[in-house]
Amino acid sequence: MRVGDNSILGREAVVDNREHSYSQAFKQIAKAVNSLLPLNNVLNSAAKSTAKALKAAGCSIMLLNPQREHLDIIAAYGLSDIYLRKGALKASKSLPEVLDGKMIAIFDVTQDKRAQYPEAAEMERISSVLAAPIPQKGEVIGEIRIYTREPRQFSQADKNFLATIADIVAIALEKTELYQVLKTEHEETVTQRRRLAETPKLPSSSLRPSSFGHSSEGEFAKLLDFYRIEWLYEPRSFPLAWQDNKVTEMFTPDFYLPELDLYIELTTLKQSLITEKNRKLRRLREVYPEINIKLLNKSDYLRLLAKYGYGHLGGTKVEGIDHILFSHTQIQRRVKALAKRISRDYVGRKLILIGILRGVICFMSDLMQHTTLPLTVDFMSISYYGTDNESAVKITKDLDTSIAGLDVLMVEDIVDTGMTLNYVLNHLASHNPASLRVCTLLDKRVRRLIDVPLDYIGFEIPDEFVVGYGLDYHGEYRNLPFIGALNPELIEDEGKK
Ligand code: 5GP
């Protein structure tokens, strides 16, 4: 009786142990698949966790080539270089039934006809092999194999586990493919947009001249382009005086800015010119009172741009900015609208705004100032670290206050893949807040890998690296009053260093 009892307990312990190693492996593999790691790192990590969970000496993951003739090893663990390079694995010769969708277990691979390289297996001291097909969209695209030193009869639990890992590997492969497709589509759109932007606009000769009457006009046009303010050059001539029904005087302002419905005449500081132009402008206003026109010299127009939120930047670093996405005025308008919604939604609640340093500083500062409710704020700091097989977010500064029972609004500068936010939300949720929602200024949705819920979104942006208004590139650009896209070539060049 006692013997029987012991053996039942012993069996339970074995099952417990096995379930523990399986769940550990699932946890590690799921984390790797959900990470930003390159595919080969993800798969190598999956091979390692699989081998360890099944107490096997090695594991390999292979994909069929497009002609479905060969199997290419794309990830492995615990196998020597000599074994991995033993020769091409022919789809028809190396455990061919696996590619028909069957799970194959071989007790002694050195003696089995289905093995293509039995001698290599003997040299590697491999006895048994378990192989599972990797299915994708109804067909087998490759296989995952584990290898043991001791001859082994694989259990049903071993087989089920390996089949599930094969499914997860298929998901990892599909995720990468999907990401590549999205990335390529996006790159095509960006290239197309850039090409369009480079194409001279038609009719161009008068509205976008190749040369200007005066260098200050060219300089002004460049500034307008930089701030993405639409402009037309000398678009209209206004008759100012007539004699016998014939026009005797005309005036053609230099620019028209449709967005501001404003005509602009530029002038230098030469007094005689200013007097003459002022006379014409007075006349124009008399004849065309509905027309909005201004005479500007350089410091005037810099002041004018500043008034519309296209601030005067002084010595602030702007080189490297390819184009501006949102001006200071646009950002302010949007932040106010978000704050208004938040003020409405959180009436009577215990609101705490939480930000991650440092990108969120400008947004947090403006958002809290426009939120008309009692609230508190707290900040966290995180860092990213990576080893060969893992990449993770680490909290380097946690909250100073308890959030239990509070209505937490996580304030983010930008959500890109969603990895950071996902991690932080899980962390915050474990501290029992009354509610947990997210407000992000920028949403780079095309790059999303984890579907995180966003409750308040400032702007959706394309896949461009943006800086300014708190966001940095190597610590710089945070103090720009607008949000601009960094020249992609600059990022690539930096990457090569
Ligand atoms: P995720 O975990 O969503 O991929 O990344 C979020 C973090 O990556 C952001 O908080 C931000 O620090 C950084 N990030 C992502 N995209 C950009 C970008 O376009 N510009 C800048 N400056 N940082 C970015």
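The residue that is surrounded by the fewest Cβ atoms within 10 Å (Cβ to Cβ), among those in segment 120-177 that are touching a Pro at 6+ places or on another chain (Cβ under 6 Å) and in contact (Cβ under 8 Å) with a residue 60 or more places away in the chain, is 140.
Checking each residue in segment 78-116 for being assigned to a loop (DSSP other than H, G, I, E, B) and among the charged types (D, E, K, R) picks out 85, 86, 93, 102, 108, 112, 113, 114.
Could we say that residue 464 is near the ligand (Cβ under 8 Å from one of its atoms), in contact with a strand residue (DSSP E or B) (Cβ under 9 Å, 6 or more places away or on another chain) and modelled with pLDDT under 95 here? Yes: the conditions hold for residue 464.
There is at least one residue in segment 345-353 that is within 28 Å of residue 34 (Cβ to Cβ), within 16 Å of the ligand (Cβ to nearest atom) and assigned to a strand (DSSP E or B). Condition (residue is closer than 18 Å to residue 323 by Cβ, more than 9 Å from the ligand (Cβ to nearest atom), in contact with a helix residue (DSSP H, G or I) (Cβ under 9 Å, 6 or more places away or on another chain) and not aliphatic (A, V, I, L, M)) applied to segment 470-481: is it met by at least one residue? Yes - at least one qualifying residue is present in segment 470-481.
Condition first: over 24 Å from residue 345 (Cβ atoms), surrounded by fewer than 17 Cβ atoms within 10 Å (Cβ to Cβ), within 11 Å of the ligand (Cβ to nearest atom) and of a type in the set (A, V, I, L, M, F, W, C). Can you find one or more residues in segment 450-457 that meet it? Taking every residue of segment 450-457 in turn, at least one turns out to be over 24 Å from residue 345 (Cβ atoms), surrounded by fewer than 17 Cβ atoms within 10 Å (Cβ to Cβ), within 11 Å of the ligand (Cβ to nearest atom) and of a type in the set (A, V, I, L, M, F, W, C). Report yes if some residue within segment 69-85 is among the aliphatic types (A, V, I, L, M), touching a strand residue (DSSP E or B) at 6+ places or on another chain (Cβ under 8 Å) and under 21 Å from residue 155 (Cβ atoms); otherwise report no. No, segment 69-85 contains no residue that is among the aliphatic types (A, V, I, L, M), touching a strand residue (DSSP E or B) at 6+ places or on another chain (Cβ under 8 Å) and under 21 Å from residue 155 (Cβ atoms). Is it the case that residue 365 is surrounded by fewer than 16 Cβ atoms within 10 Å (Cβ to Cβ), in a helix (DSSP H, G or I) and among the small types (Gly, Ala, Ser)? Yes: the conditions hold for residue 365.
Among the residues of segment 100-124, those that are within 16 Å of residue 146 (Cα to Cα) and either hydrophobic (A, V, I, L, M, F, W, C) or within 41 Å of the chain's Cα centre (by Cα) (or both) comprise 102, 103, 104, 105, 106, 107, 109, 115, 120, 121.
The values are calculated or read from the model by the stated rules, or taken from the named source; none is laboratory data. Predicted model, so just to flag it, every value in this text is computed and none were measured. Heads up, the Cβs are rebuilt from the backbone with ideal geometry, glycines too, and the neighbour counts pull from every protein chain shown.
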